[in-house]
Amino acid sequence: MGPYVKYLCAAASVGLFAGFKTISKRRKVLNHPPIIDIPISDIFNNPREAYEKALKDHGPVIAVRRKGLLEFIVDEGLCQTVLTSDQSFSFEEAMAKILNLRPYVSFFWSFFREIDDLVQNGINPRLSSILEQICPVFCRSAGRAVGEKTIDMFEHAHVSIAEAMIVLIFGEVVFLWLLIFELMGLQGYVTERGIEVVTDVATDIAGLTGMYSNSSFLGRHFPTIWATLTWVKVTCTSILAFFRFIGPQVWKQLRSRRWVAGEEKPATVLEYMAYKHATNGTIGFTSFLWIMSMLLGLIFASVHQTASVVVWVFFEVAMRPEYLKALREELHHNVDPVTNDLDPSNIGEAIQKAAFLDSFIREVMRTKGDTLTTCRMTAADIELGGHLVYPLATRVHLNPTHHPNPTVFRPERWQGDNARPAVMSSASYISFGLGRWACPGRILAVSEIKMIVWSLLVKATPRLEGNKYRIVDPLNITSVPPQGELILEPFSFSA
Ligand code: HEM
């Protein structure tokens with residue numbers, strides 16, 4: 001082949017490549033969802049109206065810029081496809097992006113699978129005994145709260161759930177420590193510090209998802225700088241404190257004995273992980289670090305969000321006294337006549353039977369106004385490659401086709417022929433997500449919410465000052481709780 005032919009071939013291939021690129025680029029532009037310019041103030045202050053209008057005018061898929069990213073928002077008709085087609089829409093990639101940890105995405109692959117396994121196999125099969133263990137935590141907290149004139153409901157729920165998670169992770173041994181520390185006069189410090197470390201780490205990691213960036217100038221206008229600074233801050237403060245305070249206790253338990261899988265049934269979350277990660281019966285330092293990361297992930301997934309939803313549910317109970325009678329009737333069967341408090345024995349079965357409270361919770365979760373909560377990242381489709389995709393939750397939850405009179409609060413709609421428990425996901429109810437990655441902790445979450453509501457209702461009647469609450473962040477309804485002044489008026493079944 002002469003040199004000219006070579007040059008000709010090279011030129012032809014460059015031409016072909018350029019032509020192909022132009023065609024595919026044109027295709028890309030043609031297939032690209034319309035980019036809609038929604039003013040940032042509308043996104044943060046009226047997300048439901050802003051996105052719904054844009055979808056109505058340009059849907060069913062639109063692209064909208066927010067905090068430096070071009071995000072795709074889809075209408076209710078595409079919700080199921082986006083949340084359940086794992087090959088095309090990746091949950092792990094989306095989480096890594098949202099948490100600003102894209103470089104570690106392969107780490108995340110196994111991380112999320114491991115946490116999923118931990119909840120599905122380390123928590124859910126032992127749920128009824130876990131609920132018996134943690135019920136007294138909620139009863140004690142409620143006893144303290146009712147003594148106060150007004151309570152910070154989020155603080156109450158956050159602290160109670162953090163303490164419950166410590167019991168769930170460490171089991172009965174926690175009580176042994178507390179007994180020893182009590183004898184040494186240190187119990188108050190140890191319990192409070194442990195809870196503080198857990199609540200701080202839960203809040204800070206939840207903050208990494210960007211929920212507080214909405215209210216910060218840096219977060220809105222320089223998201224990358226905000227993310228980097230927040231990561232550095234969280235690592236040097238709450239994550240470091242978690243390793244310093246919880247780390248030695250975890251290490252001590254993990255090294256206290258041999259862990260041969262199948263020899264005994266694990267009785268705590270920590271034991272479950274120890275059996276799973278031990279090599280030749282022992283836990284080395286790398287496995288210890290991995291287990292600590294799992295605990296961080298578990299606390300992040302389980303504490304903050306549940307506490308926030310508790311506030312939503314309890315505020316709605318306070319705002320709707322017409323439902324108190326039905327809620328209390330259900331609760332009355334499970335009150336110990338001697339202590340006049342919840343009976344922890346068999347609490348699992350009791351809350352499972354609490355159908356009205358369950359419907360109430362489901363109705364709160366449906367109507368509270370979630371917008372961009374569940375998310376995936378496009379994986380296979382090159383046209384949409386590398387973008388976060390959100391189904392607009394209000395189009396799902398407040399859709400008249402699925403929910404007649406959608407904005408009317410009516411827990412009864414989830415009873416009778418249409419009975420659906422609060423934990424049951426579907427294409428018309430995505431509060432706990434949908435598909436392979438639907439929240440594995442939702443039974444624990446709803447059980448905790450029920451126990452917190454019951455433990456307060458057994459002792460008090462809630463009222464909100466001015467009969468109102470304030471939505472703080474309409475774009476982050478589930479992770480940023482509403483604010484209101486809650487008053488607990490003493491109540492007793494025996495009176
Ligand atoms: C009311 C409280 C809660 C709400 C509203 C909630 C909601 C969600 C949602 C929307 C997702 C994403 C699902 C998807 O994209 O399809 C999720 C994932 C997850 N949730 Fe929850 N969750 C709650 C409590 C909990 C609790 C208590 C735990 C742990 C015990 C937990 C563990 C997880 C985990 C590990 C994931 C990652 C997905 C997976 O592993 O399959 N969540 N949650």
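Here is how the numbers come out for the structure above:
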| read-out | value |
| --- | --- |
| Pick from segment 137-195, criterion of a type in the set (Val, Ile, Thr) and not in a helix (DSSP H, G or I), ranking: modelled with the lowest pLDDT | 150 |
| Residue match in segment 125-135 (condition: more than 16 Å from the ligand (Cβ to nearest atom), buried (at least 19 other Cβ atoms within 10 Å of the Cβ), within 21 Å of residue 202 (Cβ to Cβ) and polar (S, T, N, Q)) | no |
| Hits in segment 422-452 (condition: outside any loop (DSSP other than H, G, I, E, B) and within 8 Å of the ligand (Cβ to nearest atom)) | 435, 436, 437, 442, 444, 445, 446, 448, 449 |
| Some residue of segment 265-273 being away from the ligand (no atom under 16 Å from the Cβ) and in contact with a Phe, Trp or Tyr (Cβ under 7 Å, 6 or more places away or on another chain) | no |
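Residue by residue, here is whether (1) touching a residue at least 60 places away in the same chain (Cβ under 8 Å); (2) away from the ligand (no atom under 16 Å from the Cβ); (3) surrounded by fewer than 18 Cβ atoms within 10 Å (Cβ to Cβ) holds:
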residue: 39; (1), (2), (3): no, yes, yes
residue: 47; (1), (2), (3): yes, yes, no
residue: 52; (1), (2), (3): yes, yes, no
residue: 64; (1), (2), (3): no, yes, no
residue: 69; (1), (2), (3): yes, yes, yes
residue: 79; (1), (2), (3): yes, no, no
residue: 83; (1), (2), (3): yes, no, no
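The values are calculated or read from the model by the stated rules, or taken from the named source; none is laboratory data. Everything quoted here is computed from the prediction, not taken from an experiment. Backbone-built Cβ (ideal geometry, glycine too); neighbour counts: all protein chains shown.
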